[in-house]
């Protein structure tokens, strides 16, 4: 293998590792503090909504929007740490946001996305759409 090929392979390996680091936007550090805003709770959330989730990548889009959330409970109530990135403009939001929780569904105020537990899984629907996208638990 010549030097150029080795250099290219090394660069590709480094880029692949860097890309893996970018799969999850919300870190444990982000949610380690107290929420700055709390959700309005109409009915206690389904336990399945609790924790951190990211939206699976829809295959029908080249550059889909990215969605992640963490729903936590502390002494002040329920807090939602939210990440959303527009796939076209690459504009992103990442912070605590208000939300409305009603049993098996949660609507995030930032963009109106709804997250509901159905058939044992969490599903996301964006405001103005009827398409559902599966949310995957983040460990």
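Only the coordinates and a few stated rules stand behind these numbers; no lab work does. Quick caveat, the model's predicted, so the values are computed rather than measured. Cβ atoms come from the backbone with ideal geometry, glycine included; neighbour counts cover every protein chain shown.
Once fully extended, how much extra length lies between residue 63 and residue 41, figured as 0.36 nm per residue of separation less the alpha-carbon to alpha-carbon distance?
4.6 nm
Compute the FRET efficiency between residue 89 and residue 132 as 1/(1 + (r/R0)^6), taking r as their Cβ-Cβ distance and R0 = 30 Å, and round to the nearest 0.05.
0.80
Would you please give the FRET efficiency between residue 103 and residue 74, computed as 1/(1 + (r/R0)^6) with r the Cβ-Cβ distance and R0 = 25 Å, to the nearest 0.05?
Working: r = 20 Å, r/R0 = 0.81.
My answer for the efficiency is 0.80.
At residue 29 and residue 50, where each label point lies 7 Å from the Cα along Cα→Cβ, what is the point-to-point distance in nanometres?
2.7
When every alpha-carbon pair in region 25-137 is counted, what percent end up more than 16 Å apart?
The share of Cα pairs beyond 16 Å in region 25-137 comes to 56 percent.
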